[in-house]
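Below: the structure, in structure tokens.
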Amino acid sequence: MFTRQTLHADASCQKAVNGWAAQQAGVEPRGQLHCVLARPAGQPELHVMCVHLGLSEAPRHHLLARLCEAVQHSVAADAPLVVAGDFNDC
């Protein structure tokens with residue numbers, strides 16, 4: 001599991017982050033990060049997910065399934081969502 005100290009991109013937008021969660025999957029140090037960013041009044045929160053997929057097919061599929069599950073369980077159907085990261089030839 002990641003700790004806040006292992007996340008590289010949290011310093012510049014700490015005040016805008018309403019919440020975050022991180023997961024690590026498999027034996028390679030790969031995982032996903034989900035944070036919820038505050039937006040100006042009247043606009044819905046922005047969900048941002050960053051993923052680092054593995055080099056081999058099975059771990060990639062496993063983490064993609066976990067990413068889809070996280071979206072289904074944590075992001076409303078009408079909420080804005082950005083998914084970015086290193087997809088390793090997915």
Residues G85, G31, G42, G54: which one is surrounded by 15 or more Cβ atoms within 10 Å (Cβ to Cβ) and at pLDDT 85 or above?
G85
Condition first: acidic (D, E), under 13 Å from the mean Cα position of the chain (by Cα) and not in a helix (DSSP H, G or I). Now tell me which residues in the range 59-90 satisfy that.
D86
List, please: which pairs have Cβ atoms under 8 Å, are six or more places apart or on different chains, and start with a residue in the range 28-41 that is part of a loop (DSSP other than H, G, I, E, B) and end with one that is surrounded by 14 or more Cβ atoms within 10 Å (Cβ to Cβ) and at pLDDT 85 or above?
A38/E45; R39/E45; R39/L46
Could you grab me the full set of residues in the range 65-88 that are within 14 Å of H34 (Cα to Cα) and out of contact with any strand residue (DSSP E or B) (no Cβ under 8 Å at 6 or more places or on another chain)?
C68, E69, Q72, H73, A76
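The values are calculated or read from the model by the stated rules, or taken from the named source; none is laboratory data. Note that the structure is a prediction, hence the values are computed from the model and not measured. Reconstructed Cβ throughout: ideal geometry from the backbone, glycine too, with neighbour counts over all protein chains shown.
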